[in-house]
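A short write-up of the structure that comes next.
The values are calculated or read from the model by the stated rules, or taken from the named source; none is laboratory data. Quantities reported herein were computed from a predicted structural model and do not represent experimental measurements. FYI the Cβ positions are ideal-geometry reconstructions off the backbone, even for glycines, and counts take in every protein chain you see. To get the accessible areas, we keep the full protein, side chains included, count just its heavy atoms, and leave off ligands, DNA and RNA. Shrake-Rupley method; radii C 1.70, N 1.55, O 1.52, S 1.80 Å.
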Amino acid sequence: MSLPHALMTSLLEKSCSGYDLTRRFEKTIGYFWRASHQQIYRELGRMEEAGWIRSEAAEDAGKSRKRVYEVLAAGREELKRWALEPVDPPSPRDEFFVKLRTDAVMGPLGLETEIERRMGLHKLRLAAYRAIEVRDFAGKTLSRLGEIQYLILRAGIMQEEGLIRWSEEALGVLAGVSDLA
């Protein structure tokens, strides 16, 4: 994924300062794309140099350097160009799968604890997604934007549910109790 495109998407949802953008990014796109504050500010500077966004001093800036960013026509065109590029599904690159293969060839290594820990993290993330689902989508009439945001959230929910089921299955295989046939 391209960080500038993720940032422009967020800015199209709402023009804001770099600080506010970073906070919003963490609570939305941050669930599936991580970026540090430094990366975001560095990218905002590059995007402004490219003519994709502009910034101006915030009304409440006072003596601070707070700036509000907005996407320009050139940024919209770039975002559209990027959005229409084909993208392959991500390939899983998970170090734990290599460890599991190691367990398969060397014999039991005691990976159950790690599977349980990871499953706990998936359960926490699923609970967070479910809370967002109830807070933002339950019983509401959604706009097209809302429906698409909910669709993305549902993908995260399904992914976490699948990883929890996989973890349960993996624990069964390591314990010698497999439903695989």
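Which of the numbered conditions does R34 fail, given that it passes all the others? Conditions: (1) more than 25 Å from L126 (Cα to Cα); (2) without any contact (Cβ under 8 Å) to a residue 12 or more places away in the chain.
That leaves (1) as the condition not met.
Specify the residue that is nearest to K14 (Cα to Cα); the eligible residues are those in the stretch 46-55 that are of a type outside the set (V, I, T) and modelled with pLDDT of 95 or more. Quick ask: steps written out before the conclusion?
Of all residues in the stretch 46-55, those of a type outside the set (V, I, T) come to 46-52, 54-55.
Still in the list and also modelled with pLDDT of 95 or more: 46-52, 54.
On the way: R46: 19, M47: 17, E48: 17, E49: 20, A50: 20, G51: 18, W52: 15, R54: 14 Å.
Of everything passing the filter in the stretch 46-55, R54 is nearest to K14 (Cα to Cα).
Based on what the data block shows, is A128 more than 30 Å from R101 (Cβ to Cβ), open to solvent by less than 70 Å² (accessible area, probe 1.4 Å) and within 24 Å of the chain's Cα centre (by Cα)?
It is true that A128 is more than 30 Å from R101 (Cβ to Cβ), open to solvent by less than 70 Å² (accessible area, probe 1.4 Å) and within 24 Å of the chain's Cα centre (by Cα).
Can you name the residue in the stretch 85-99 that is under 30 Å from H5 (Cβ atoms), charged (D, E, K, R) and open to solvent by less than 100 Å² (accessible area, probe 1.4 Å) and is also nearest to the chain's Cα centre (by Cα) among such residues?
Across the stretch 85-99, the extreme among qualifying residues is D94.
Give the residue, chosen from E48, E26, E43, that is under 20 Å from Y129 (Cα atoms) and without any contact (Cβ under 8 Å) to a residue 60 or more places away in the chain. Write out each step before concluding.
Numbers: E48 fails: under 20 Å from Y129 (Cα atoms); E43 fails: under 20 Å from Y129 (Cα atoms).
Going through E48, E26, E43 in turn, the sole match is E26.
Determine which member of the set G146, G162 is over 30 Å from P4 (Cα atoms), part of a helix (DSSP H, G or I) and not aliphatic (A, V, I, L, M).
G162
I'd like to check which helices (runs of 4 or more DSSP H) are fully inside the stretch 1-56 and have at least 3 residues that are open to solvent by 50 Å² or more (accessible area, probe 1.4 Å) and in contact with a Leu (Cβ under 6 Å, 6 or more places away or on another chain). Working first, answer last.
Values: elements: 3-13, 18-27, 37-50.
Once the helices (runs of 4 or more DSSP H) in the stretch 1-56 are filtered for at least 3 residues that are open to solvent by 50 Å² or more (accessible area, probe 1.4 Å) and in contact with a Leu (Cβ under 6 Å, 6 or more places away or on another chain), nothing remains.
Do any residues in the stretch 71-100 that are farther than 21 Å from R118 by Cβ have Cβ atoms under 6 Å from those of residues that are among the polar types (S, T, N, Q) and open to solvent by less than 50 Å² (accessible area, probe 1.4 Å), where the two are at least six apart or on different chains, and which pairs are they?
Final answer for the pair search is none.
State all residues of the stretch 144-154 that are open to solvent by less than 80 Å² (accessible area, probe 1.4 Å) and under 16 Å from T9 (Cβ atoms); if no residue qualifies, say none.
Result: G146, I148, Q149, L153.
Suppose we filter T113, T102 for residues that are surrounded by 10 or more Cβ atoms within 10 Å (Cβ to Cβ), closer than 23 Å to L171 by Cβ and of a type in the set (V, I, T); which single one remains? So that I can check it myself, show each step before the final result.
Details: T113 fails: surrounded by 10 or more Cβ atoms within 10 Å (Cβ to Cβ).
That would be T102, the only listed residue that is surrounded by 10 or more Cβ atoms within 10 Å (Cβ to Cβ), closer than 23 Å to L171 by Cβ and of a type in the set (V, I, T).
Out of the stretch 72-118, which residues are acidic (D, E) and not in a loop (DSSP other than H, G, I, E, B)? Break it down stepwise before answering.
The first filter runs over the stretch 72-118 and keeps only residues acidic (D, E), leaving 77-78, 85, 88, 94-95, 103, 112, 114, 116.
If the condition is that a residue be acidic (D, E) and not in a loop (DSSP other than H, G, I, E, B), then E77, E78, E95, D103, E112, E114, E116 are the ones that fit.
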